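The values are calculated or read from the model by the stated rules, or taken from the named source; none is laboratory data. Not measured: the values here are computed from a predicted model. Reconstructed Cβ throughout: ideal geometry from the backbone, glycine too, with neighbour counts over all protein chains shown. Areas reflect the complete protein model, heavy atoms only, side chains present, ligands, DNA and RNA absent. Shrake-Rupley method; radii C 1.70, N 1.55, O 1.52, S 1.80 Å.
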Amino acid sequence: MATTETIIKCPYCGSDNVTKAGKSPNGAQKCTCRNPECPHTTFQLSYTYMGSKPGIEFEVLKMAINGSGVRDTARVLGVSCDFVISVLKKKENGTNKSI
Ligand SMILES: [Zn+2]
């Protein structure tokens, strides 16, 4: 995890032609999609979207190995408890080949 800058893609059209447009009152990053074909011009980076960020599952597992609880992990990484649990379950079942 050398870089903290993530490539933002529009969740509606998948374009990475996206610019950041400040933050909403609840702290979510607002973005503007510059793809003229896109049906949505603005969107927020939600926690759900963060959950699909490549490498976040690795971060969840790393915190679990270090003894962090599900709630702590979810709070620190900004994902839901359900997401943390699902990652840990996948690991237990050995179905996640990417880790
Ligand atoms: Zn778009």
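Pairs meeting the criteria (first residue in the stretch 58-73 and closer than 15 Å to LYS89 by Cα, second residue open to solvent by 60 Å² or more (accessible area, probe 1.4 Å) and assigned to a helix (DSSP H, G or I), beta carbons under 7 Å, at least 6 apart or on different chains) are LEU61/LYS91; MET63/VAL76; VAL70/ILE85. Taking the criterion of being more than 9 Å from the ligand (Cβ to nearest atom) and either surrounded by 15 or more Cβ atoms within 10 Å (Cβ to Cβ) or in a loop (DSSP other than H, G, I, E, B) (or both), the only residue of the stretch 33-43 that qualifies is PRO36. For first residues located in the stretch 18-39 and over 22 Å from GLY78 (Cα atoms), partners that are open to solvent by less than 40 Å² (accessible area, probe 1.4 Å) and of a type in the set (A, V, I, L, M) and lie 6+ apart or on another chain with Cβ distances below 9 Å form the pairs CYS33/VAL18; ARG34/VAL18; ASN35/VAL18. Taking the stretch 86-99 as the range and being open to solvent by less than 70 Å² (accessible area, probe 1.4 Å) and at pLDDT 90 or above as the test, the residues that pass are SER86, VAL87, LEU88. Of everything listed in (1) surrounded by 14 or more Cβ atoms within 10 Å (Cβ to Cβ); (2) part of a loop (DSSP other than H, G, I, E, B); (3) modelled with pLDDT of 80 or more, the single unmet condition for LYS53 is (3).
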